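Computed from the coordinates by the stated procedures, all read-outs in this text should not be read as laboratory data. Since the structure is predicted, the reported quantities are computational estimates derived from the model, not experimental observations. FYI the Cβ positions are ideal-geometry reconstructions off the backbone, even for glycines, and counts take in every protein chain you see.
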Amino acid sequence: METAAFPEEVLSIGPVEIRPHGGLVTLNQRTLTLSVREFTLLVEIARRAGRIVSRAELYTLVWGAPLRAGDRSVDVYIHKLRVKLEDGAPGWAFIHTHVGFGYRFAPEPSHPFHNTATSR
């Protein structure tokens, strides 16, 4: 419940709006259906929007434990989020991979040569 003393946190980044305490994500004003893990991962990477966040940091934030060698959970859930976000807003890229460093959440219109819809 929102009060003057405790306003609800709202993350508005590009066409994405996230209400962490309400468990709600909208994309272009349409509600996205996410699993609890997908939602938590999106909240944590969105709170660090524009910054490269390592897989180990994301794992610790979302799973609550250190990343184990060979664990690809972060990559699997990033892929699931990308699919849902990009299905909801074709022509946009949301999560960018920085090989060897991590992921960055920065909603940006896709470049035409990256947009598979325009290459058909």
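Under the combined filter of DSSP loop state and at most 13 neighbouring Cβ atoms within 10 Å, the range 8-113 retains these GluC sites (Glu not before Pro): 8, 9. A crude spin-label estimate for the pair residue 37 and residue 19, with each label 7 Å from Cα along the Cβ direction, gives 2.6 nm. Residue 101 versus residue 29, label points 7 Å from Cα toward the beta carbon: distance in nm? According to this spin-label approximation, the distance is 3.6 nm. In terms of overall dimensions, the C-alpha atoms belonging to the chain reach 51, 38, 23 Å along their principal axes, ordered largest to smallest. Take the Cα of residue 79, step 7 Å toward its Cβ, do the same at residue 65, and the gap between the two points is 2.2 nm.
Here is how the number arises for the chain: DSSP H runs of 4 or more residues each give -39500 (n - 2.57), the sum is divided by the residue count, and the result at 222 nm is -9500 deg cm²/dmol. Loop exposure criterion: chymotrypsin sites (Phe, Trp or Tyr not before Pro), DSSP state outside H, G, I, E and B, at most 14 other Cβ atoms within 10 Å. Applied to the chain, the longest stretch between such sites is 1-100.
Note on the chain: with a GNM built from Cα contacts shorter than 10 Å, the maximum mean-square fluctuation among 70, 102, 91 falls on 70.
From least to most packed, judged by other beta carbons within 10 angstrom and beginning with the fewest, 81, 11 follow the order 11, 81. A dipole drawn for the chain from +1 and -1 charges on Cβ atoms has a positive end, and of 18, 31, 99 the residue lying farthest that way is 99.
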